[in-house]
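Okay, structure first, notes after.
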Amino acid sequence: MILLEELKVYQLAMNIGEQVFDITVKWDLFNKKSLSDQYLRAADSIALNISEGYGRFHYKENKNFCWYARGSLFETKTANQKNFQP
């Protein structure tokens, strides 16, 4: 069985979360309160959902959490495209 930490998709998701944190930590207080919370939660949710799905017993549950991770990925992508980075 492959370990979670060995999955390339999980590694990429963790990297995205770290990159978004590195971006938002530099923001001023207003932007941190108004934008960074949603941006960070979306980015972190990618890896968190992959991880939760991996830990589920049934394949169907894992599949559902992968769909949630995909949704969070698209939310993060939108934040990048909308220039949420002040």
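The values are calculated or read from the model by the stated rules, or taken from the named source; none is laboratory data. This is a predicted model, so every value here is computed, not measured. Here the Cβ is made from the backbone with ideal geometry for all residues, glycine too, and neighbour counts use every protein chain on show.
Take the conditions of a type in the set (K, R) and either touching a Ser or Thr at 6+ places or on another chain (Cβ under 9 Å) or in a helix (DSSP H, G or I) (or both) and apply them to K26. Does it pass? The answer is no for K26. Remark: A69 falls outside the filter, which requires a residue to be under 16 Å from the mean Cα position of the chain (by Cα), in a helix (DSSP H, G or I), surrounded by 16 or more Cβ atoms within 10 Å (Cβ to Cβ) and at pLDDT below 95.
Taken over the range 1-52, the residue count meeting the criterion of being under 12 Å from A69 (Cβ atoms) and of a type in the set (F, W, Y) is 1.
Taken over the range 24-44, residues that are buried (at least 16 other Cβ atoms within 10 Å of the Cβ) and of a type outside the set (D, E, K, R) amount to 8. Taking the numbered list (1) touching a residue at least 12 places away in the same chain (Cβ under 8 Å); (2) surrounded by fewer than 13 Cβ atoms within 10 Å (Cβ to Cβ) in turn, V20 passes all entries but (2).
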